[in-house]
Amino acid sequence: MHSYIGLSLLFPLIGFIINGLFGWRIKNEKIIGWFGSLTVGASFVVSFLIYLELIGLPFYERKFIVEYLSWIKTGGLDVSFSYLVDPLSILMAMVVTGVGFLIHVYSIGYMHGDKGFARFFAYLNLFIFMMLTLVLADNYLLMFLGWEGVGLCSYLLIGFWYDKPFEKMTTSDAGRKAFIVNRIGDFGFLLGLFLMYKYFGSLNFNTVFSIADKLQAGDTTVFWITLLLFVGATGKSAQIPLYVWLPDAMA
């Protein structure tokens with residue numbers, strides 16, 4: 001069952017493509033909303049079935065790498081679209097799709113009558129796809145792709161009502177502010193990846209973890225890489241000092 005992890009990502013991607021390209025032609029909100037919702041629900045079912053498979057295996061056999069195609073292969077860098085299937089990653093996938101499904105269902109009523117109804121559900125589906133890419137990736141570069149995708153979707157959703165003015169700024173301004181501040185944090189994340197590749201020669205989780213485990217005490221490599229990755233996390237989670245985008249985004 002774990003080999004079907006790609007379906008968990010494929011379903012919300014299909015929802016994004018269909019609602020994004022053809023949603024404006026469909027006048028029935030229920031069809032648009034429930035189609036987008038059910039793609040996420042189907043993704044949850046796949047993740048749940050894989051989780052049941054994993055917990056039925058011996059502890060040391062609960063880890064699989066599912067590779068679909070090569071992405072970058074040049075010099076010493078070999079990165080593929082491969083996904084890590086273990087209890088933690090699948091549990092996070094279940095959280096993303098389970099909570100995401102409830103958000104989709106709630107949005108059917110919340111967005112009723114909005115002229116951008118189909119566009120909103122396309123953004124939500126894309127958000128789920130990028131979140132799944134983030135939590136299921138088997139290497140740091142693919143994880144960074146999901147990370148940036150989540151940032152893009154946040155920008156699109158924050159500025160969704162871009163044509164509606166508010167007291168201090170438009171939602172477009174708030175979205176732009178969130179996008180810029182998050183890019184500052186993401187620059188730290190990217191520097192961490194460069195430093196990681198320089199010292200470890202790989203961006204694959206297994207390779208990096210195996211080498212990092214053998215570093216001598218006092219080696220500052222892990223400290224600087226961790227600090228740079230933490231800078232990225234502060235931007236995404238709105239921590240000091242990269243918190244300034246959150247109040248406007250939630251206004």
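Computed values, structure above
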read-out	value
Whichever residue in segment 34-68 is of a type in the set (Phe, Trp, Tyr) and outside any strand (DSSP E or B) and, among such residues, is nearest to residue 108 (Cα to Cα)	34
Residue within segment 72-83 that is under 15 Å from the mean Cα position of the chain (by Cα), free of Cβ contacts under 8 Å to residues at least 12 places away in the same chain and either under 25 Å from residue 201 (Cβ atoms) or surrounded by 13 or more Cβ atoms within 10 Å (Cβ to Cβ) (or both) present	no
Filter result (touching a helix residue (DSSP H, G or I) at 6+ places or on another chain (Cβ under 6 Å) and polar (S, T, N, Q)) within segment 203-233	221
Top-ranked residue in segment 136-190 [being basic (Lys, Arg), in a helix (DSSP H, G or I) and surrounded by fewer than 19 Cβ atoms within 10 Å (Cβ to Cβ); ranked as modelled with the lowest pLDDT]	176
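The values are calculated or read from the model by the stated rules, or taken from the named source; none is laboratory data. Being a predicted model, the structure only gives us computed values, none of them experimental. All Cβ positions, glycine included, derive from the backbone under ideal geometry; neighbour counts span all protein chains shown.
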